[in-house]
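The values are calculated or read from the model by the stated rules, or taken from the named source; none is laboratory data. For clarity, every value in this text was computed on a predicted model and none was experimentally measured. Backbone-built Cβ (ideal geometry, glycine too); neighbour counts: all protein chains shown. Remember, those area values only see protein heavy atoms, side chains included, never the ligands or the DNA or RNA. Shrake-Rupley method; radii C 1.70, N 1.55, O 1.52, S 1.80 Å.
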Amino acid sequence: MDAPLFELKNASFSPQGKTVVDGVSLAVGQGETVALVGPSGGGKSTVLKLTAGLIIPTRGAAFWRGLDIAGMSRAQTLAFRREAAFVFQDSALWANQSIRQNLEIPLKTHFAAMHAKEREERVAKALAESGYRRSLDIRPADLSMGEQKLVGFSRAMILEPSAVFLDEWTESLDESAARRLVNAIKRKKKEGKTIVFVSHNFTVIKELADRIVMIVDGKVSLSATREEFANDSTLAQYIEQGISV
Ligand SMILES: Nc1ncnc2c1ncn2[C@@H]1O[C@H](COP(=O)(O)OP(=O)(O)OP(=O)(O)O)[C@@H](O)[C@H]1O
Ligand SMILES: [Mg+2]
């Protein structure tokens, strides 16, 4: 059997001796959509970053296509970063770069030979997908939190990744902007892309997730498939309560 696309094996994360993720095991198959849910401060963002290889477990290990992320070569790391994109909870745009530059940096990193014209087209396409309408020549600090989210989303999509990690990507957006970004992810799911997301929005979770994994106090407290939570109203209620704490 093929290795899962992403896997955490008994992964813990203890910065400065404080354990924030504690022995989490999680396997994400190719084409699967997994929702990480749970109360604030429970460790969802940290589990997402561990799975995406943005941080390395203090104990246990994280794998991409069966490769231990901590031991990957530079070429493997580049391939991994080109394939798996991340939308940060706080957008995490490069503050001293324009919006255009924020989107061009991944293209220049991964496709150094790309012509300026194609780069421009890719930037325009990615921004159109998120619905961003402001100037490309301003800096992130000139944007609202919601507008920054749109740019963060576009930046993640610009490499046309086959796997996407999203951390509360619809928060601080109005309903129609949030709907646009949910629909964009729905399309990626239909195309067979792998999606791992954190959300507090049960409507979005029910719409997208093949599997829900609840993280409480840094541990997996529950894992349920779509069938399980769709057919069991007590379980669905329990999950909804766990999300809204
Ligand atoms: N590098 C770090 N150093 C110290 N503490 C950290 C670090 N990373 C995370 N934490 C702490 O770990 C806990 C879990 O954080 P995390 O951001 O993963 O939670 P979360 O479930 O995503 O919360 P929220 O729903 O509020 O976004 C928090 O108390 C946070 O302050
Ligand atoms: Mg978080």
### Boolean, A128 is more than 16 Å from ligand 1 (Cβ to nearest atom) and either open to solvent by 10 Å² or more (accessible area, probe 1.4 Å) or not in a helix (DSSP H, G or I) (or both)
yes
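Of the residues L54, L50, only one is within 16 Å of ligand 1 (Cβ to nearest atom) and either touching a Gly at 6+ places or on another chain (Cβ under 9 Å) or open to solvent by less than 40 Å² (accessible area, probe 1.4 Å) (or both); which? I'd like the intermediate steps shown before the answer.
Values: L54 fails: either touching a Gly at 6+ places or on another chain (Cβ under 9 Å) or open to solvent by less than 40 Å² (accessible area, probe 1.4 Å) (or both).
When all the criteria are applied, what remains is L50.
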## Note on the structure
Only one of (1) open to solvent by less than 30 Å² (accessible area, probe 1.4 Å); (2) within 16 Å of ligand 1 (Cβ to nearest atom); (3) outside any loop (DSSP other than H, G, I, E, B) does not apply to D22, and that is (1)
#### Entry: Which numbered condition P4 misses (of (1) within 13 Å of ligand 2 (Cβ to nearest atom); (2) surrounded by 16 or more Cβ atoms within 10 Å (Cβ to Cβ); (3) not in a strand (DSSP E or B))
(1)
### Query
Looking at V198, V151, V182, which one is of a type in the set (A, V, I, L, M, F, W, C), within 21 Å of T51 (Cα to Cα) and either buried (at least 20 other Cβ atoms within 10 Å of the Cβ) or modelled with pLDDT of 95 or more (or both)?
V198
### Query
In the set I205, I185, I239, I195, which member is in contact (Cβ under 8 Å) with a residue 12 or more places away in the chain and in a strand (DSSP E or B)?
I195
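Pull up region 154-179, narrow it to residues that are among the acidic types (D, E) and surrounded by 15 or more Cβ atoms within 10 Å (Cβ to Cβ), then point me to the one that is farthest from ligand 1 (Cβ to nearest atom).
Per the criteria, the residue is E171.
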### Task
Just give me the residues in region 179-226 being among the polar types (S, T, N, Q) and farther than 11 Å from T33 by Cα, in sequence order.
N183, S199, N201, T203, S221, S223
### Summary
Sole miss for Q101 among (1) within 16 Å of ligand 2 (Cβ to nearest atom); (2) part of a helix (DSSP H, G or I); (3) open to solvent by 50 Å² or more (accessible area, probe 1.4 Å) is condition (1)
### Task
Run down G29, G17, G60, G71 and say which single residue is open to solvent by 20 Å² or more (accessible area, probe 1.4 Å), of a type in the set (G, A, S), in contact with a strand residue (DSSP E or B) (Cβ under 6 Å, 6 or more places away or on another chain) and away from ligand 2 (no atom under 16 Å from the Cβ).
G60
### Pair list, Cβ < 7 Å and 6+ apart or interchain, from region 28-55 residues that are over 18 Å from T203 (Cα atoms) to residues that are in a helix (DSSP H, G or I) and more than 7 Å from ligand 1 (Cβ to nearest atom)
V28/T51; G53/I69; G53/F80; I55/K49
#### Entry: Failed condition for G41, given (1) surrounded by fewer than 14 Cβ atoms within 10 Å (Cβ to Cβ); (2) in contact with a Leu (Cβ under 7 Å, 6 or more places away or on another chain); (3) not in a strand (DSSP E or B)
(2)
#### Entry: Per-region count, region 201-217, residues open to solvent by 40 Å² or more (accessible area, probe 1.4 Å) and among the hydrophobic types (A, V, I, L, M, F, W, C)
1
### Task
Starting from region 89-113, take each residue that is under 13 Å from I138 (Cα atoms) and list its partners that are surrounded by fewer than 14 Cβ atoms within 10 Å (Cβ to Cβ), counting only C-beta distances under 6 angstrom and pairs at least six apart or across chains.
S98/D137; N102/W94
### Task
Check G71 against each of (1) without any contact (Cβ under 8 Å) to a residue 60 or more places away in the chain; (2) touching a Lys or Arg at 6+ places or on another chain (Cβ under 8 Å) and name the one condition it does not meet.
(2)
